[in-house]
1. Filter the stretch 212-232 for residues that are of a type in the set (Asp, Glu) and modelled with pLDDT of 95 or more and give the result.
2. Check the stretch 241-258 and report whether any residue there is modelled with pLDDT of 90 or more, open to solvent by less than 40 Å² (accessible area, probe 1.4 Å) and in a helix (DSSP H, G or I).
3. Can you pull out every residue in the stretch 141-167 that is part of a strand (DSSP E or B) and of a type in the set (A, V, I, L, M)?
4. Among the residues that make up the stretch 125-141, is at least one of them in contact with a Gly (Cβ under 8 Å, 6 or more places away or on another chain) and within 17 Å of TYR230 (Cβ to Cβ)?
5. Restricting the search to the stretch 141-168, which residues are of a type in the set (Val, Ile, Thr), open to solvent by 20 Å² or more (accessible area, probe 1.4 Å) and under 21 Å from GLN93 (Cβ atoms)?
6. How about the stretch 24-48: which of its residues are under 26 Å from LEU176 (Cα atoms), at pLDDT 60 or above and open to solvent by 40 Å² or more (accessible area, probe 1.4 Å)?
7. What helices (runs of 4 or more DSSP H) completely inside the stretch 65-140 contain at least 3 residues that are at pLDDT below 95, open to solvent by 40 Å² or more (accessible area, probe 1.4 Å) and over 24 Å from TYR183 (Cβ atoms)?
8. I'm trying to understand the selection: among the residues of the stretch 169-190, which are in a loop (DSSP other than H, G, I, E, B) and either open to solvent by 20 Å² or more (accessible area, probe 1.4 Å) or in contact with an Asp or Glu (Cβ under 8 Å, 6 or more places away or on another chain) (or both)?
Amino acid sequence: MPFLCLTDRTRTLRTGVLLAASLIVSACAVPGPGEAPDGIYDPNEGANRRVHAFNKRVDSTLSGGDGPGLAASVPAPVAAGIGNFADTVSLPQTVVNQILQARLGRAARNTLRFSVNATIGVAGLFDVASEMGLPEDDSDFGETLYVWGFPEGAYIELPVLGPATERDAVGKFFDLFTDPVSYLVRTPDRYYASGARLADKALKRAEYGDSIDALLYDSADSYAQLRMIYLQNRRFELGDETSGGEDYIDPEALDTEGF
């Protein structure tokens, strides 16, 4: 049975590699953000807007409509613990990506951060490392592709996952296979990490609900607003100043990745 699961996983990865290669090749053929109007290349805007409308319906359903929703009733200490645990279990994947990016100093600091929070921080429920001068420092395979020189490609809005670019969409897929936790931790324990990440997203949605609601439901064109904010923030995170990355809107106040 484990062999069959491994075979299925290998086949899925092989299919993903072929898909990723085709997306990367197509991304290389599109104009860079600096050559597109306003730094935005969105050739599939019609399809993206339909996905955006679907994502808004999903968000409205999961966030409780006009009410505060279940996530808003979670006590602050519990929410903080969930967020800390989600960050801790994500650190091994961050370290892998930073090694691939040849950012060994950052990888070493995150390894130490993981060790501190996983032990002194009681399995990651408390963020002791930040108080010791080891702040949160995330990374993903989309950033790895950026460091390797792959172009941003066209803007995409993914169902449920929200805004992305072709490069980040490929990165999101490969992130499914570069998480050491999924290989080192057995079922069902590995699902606790995924559950914590999903719960953390829901809690952040509740915490910044007013700002997100204003964007999605009160703006004249929520699709264009979300696209602009995502691209500005993502380019800033990557340090891509040539693509407009010098413009920045605090992502903690407005989490635009996923609904």
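The values are calculated or read from the model by the stated rules, or taken from the named source; none is laboratory data. All values derive from a computational prediction rather than experimental measurement. For neighbour counting, all protein chains shown are included, and Cβ atoms are generated from backbone atoms with ideal geometry for every residue, glycine included. For accessibility, only protein heavy atoms count, side chains too; no ligands or nucleic acids. Shrake-Rupley method; radii C 1.70, N 1.55, O 1.52, S 1.80 Å.
1. Answer for the stretch 212-232, where residues must be of a type in the set (Asp, Glu) and modelled with pLDDT of 95 or more: just ASP221.
2. There is no residue in the stretch 241-258 that is modelled with pLDDT of 90 or more, open to solvent by less than 40 Å² (accessible area, probe 1.4 Å) and in a helix (DSSP H, G or I).
3. Hits for the stretch 141-167 are ILE156, LEU158, ALA164.
4. Yes, some residue in the stretch 125-141 is in contact with a Gly (Cβ under 8 Å, 6 or more places away or on another chain) and within 17 Å of TYR230 (Cβ to Cβ).
5. Hits for the stretch 141-168 are VAL147, VAL160.
6. Answer for the stretch 24-48, where residues must be under 26 Å from LEU176 (Cα atoms), at pLDDT 60 or above and open to solvent by 40 Å² or more (accessible area, probe 1.4 Å): ASN44, ALA47.
7. Correct list: 76-100.
8. Scanning the stretch 169-190 gives LEU176, PHE177, THR178, VAL185, ARG186, THR187, PRO188, ASP189.
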